[in-house]
Amino acid sequence: ARNMNGKLELLEKTVSGDGLDLANALKGSNMIVSVPMKPVKIRDRPKNLNHTGRLEDFTNQDILDLIVFYNNDFGIVLEDDEEARRKKLLVFLTGSEELKQ
């Protein structure tokens with residue numbers, strides 16, 4: 001994902017299927033895993049995600065939704081806090097742990 005004007009651009013899907021099982025394994029007790037309304041295809045991009053494109057605005061729920069979408073857990077483990085999950089998402093989207101301005 002490119003960082004244009006400080007915003008993250010979400011990548012195209014590259015792994016078929018959904019990540020429901022992955023997300024369910026990583027959700028906290030106060031989170032729900034949303035089932036996609038329609039099947040997602042390779043090369044689709046996430047839509048209807050309530051985010052500003054700024055890493056600090058991604059919530060645990062947003063990240064779970066992306067896990068389901070991409071069918072990828074981004075290396076996240078259950079014990080990771082929200083900040084650790086954001087960093088792992090950043091590595092997935094950009095290949096780096098730092099936002100380039």
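The values are calculated or read from the model by the stated rules, or taken from the named source; none is laboratory data. It should be emphasised that the depicted structure is a prediction, and the values quoted were computed from it without experimental measurement. FYI the Cβ positions are ideal-geometry reconstructions off the backbone, even for glycines, and counts take in every protein chain you see. These area figures cover heavy atoms from the full protein model, side chains too; ligands, DNA and RNA do not enter into them. Shrake-Rupley method; radii C 1.70, N 1.55, O 1.52, S 1.80 Å.
Taking the conditions exactly as written (of a type in the set (Lys, Arg) and either in a loop (DSSP other than H, G, I, E, B) or at pLDDT below 90 (or both)), does Lys100 satisfy them or not? Yes. Among the residues of segment 41-57, which ones are closer than 20 Å to Val15 by Cβ and open to solvent by less than 50 Å² (accessible area, probe 1.4 Å)? Asp44, Pro46, Leu49, listed by residue number. Taken over segment 21-44, the criterion of being touching a helix residue (DSSP H, G or I) at 6+ places or on another chain (Cβ under 9 Å) and closer than 23 Å to Gly95 by Cα is satisfied by Leu22, Ala23, Leu26, Asp44. The residue of segment 13-41 that is modelled with the lowest pLDDT, among those that are small (Gly, Ala, Ser), within 14 Å of the chain's Cα centre (by Cα) and in a loop (DSSP other than H, G, I, E, B), is Ser34. For segment 58-82, taking the residues that are open to solvent by 40 Å² or more (accessible area, probe 1.4 Å) and either under 19 Å from Lys7 (Cβ atoms) or among the aliphatic types (A, V, I, L, M) (or both), the one that is nearest to the chain's Cα centre (by Cα) is identified as Asp65.
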